[in-house]
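Novice: Have a look at the structure that comes next, please.
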Amino acid sequence: MLRIFQQVALWEAISTVILFFVAMPLKYFGGVPEAVQAVGSIHGFLVVVFVLLLILCWREYKWPFSRVAKYLVISLIPIVSFWVERDVKKLVHHQKI
């Protein structure tokens with residue numbers, strides 16, 4: 001489950017960057033509102049999957065609430081959100097899953 005969470009965290013981070021730095025400028029400066037609709041839908045789906053997997057990992061691996069809260073808050077910040085994926089990657093290697 002950690003590997004899946006790691007991949008979802010990566011794609012959620014990528015979708016956040018694309019939403020903020022590609023789709024939103026296209027909407028507001030390029031007159032292409034469809035960009036935000038398309039990317040926003042994908043990003044929204046990934047956020048929901050990210051949160052569900054975060055809760056499942058919290059229960060399965062007995063993570064402290066502080067880790068869960070930190071991952072959730074950090075996932076909302078573009079660029080910094082890649083840290084979640086890197087941190088989970090360390091957990092995966094540490095547990096040799």
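Here, each number is a calculation from the coordinates, and none is a lab measurement. Model, not experiment: these values are computed from the prediction. Glycine gets a Cβ as well: all are built from the backbone with ideal geometry, and neighbour counts include every protein chain shown.
Novice: What number, in percent, do you get for the relative contact order of the chain if the mean sequence gap of Cα pairs under 8 Å and at least 6 apart is divided by its residue count?
Specialist: About 43 percent, as a whole number.
Novice: Where does each of L76, L2 land when they are ranked from fewest to most other beta-carbon atoms within 10 angstrom?
Specialist: L76, L2
Novice: Put +1 on the Cβ of every Lys and Arg and -1 on every Asp and Glu Cβ in the chain; which of I77, C57, V36 then has its Cα farthest towards the positive end of the dipole?
Specialist: After comparing all options, I get C57.
Novice: Next up: Taking the beta-carbon count within 10 Å as an exposure proxy, list R67, R59 from fewest neighbours to most.
Specialist: Ranked by crowding around the Cβ, least crowded first: R59, R67.
Novice: Another one. Please compute P(r) over all alpha-carbon pairs of the chain, binned at 10 Å starting from zero, and give each bin as a whole-number percent.
Specialist: 17, 45, 25, 11, 2
Novice: Calculate the spin-label point distance for W63 paired with Y28, positioning each point 7 Å from the Cα along the beta-carbon direction, and give it in nanometres.
Specialist: Once both label points are built, they end up 3.1 nm from each other.
Novice: What is the fewest-to-most order of V92, V51 by other Cβ atoms lying within 10 Å of their Cβ?
Specialist: Final ranking by Cβ density, sparse to dense: V92, V51.
Novice: Only helical DSSP H runs with n ≥ 4 go in: add -39500 (n - 2.57) per run for the chain, normalise by residue count and round the 222 nm mean residue ellipticity to 500 deg cm²/dmol.
Specialist: -26500 deg cm²/dmol
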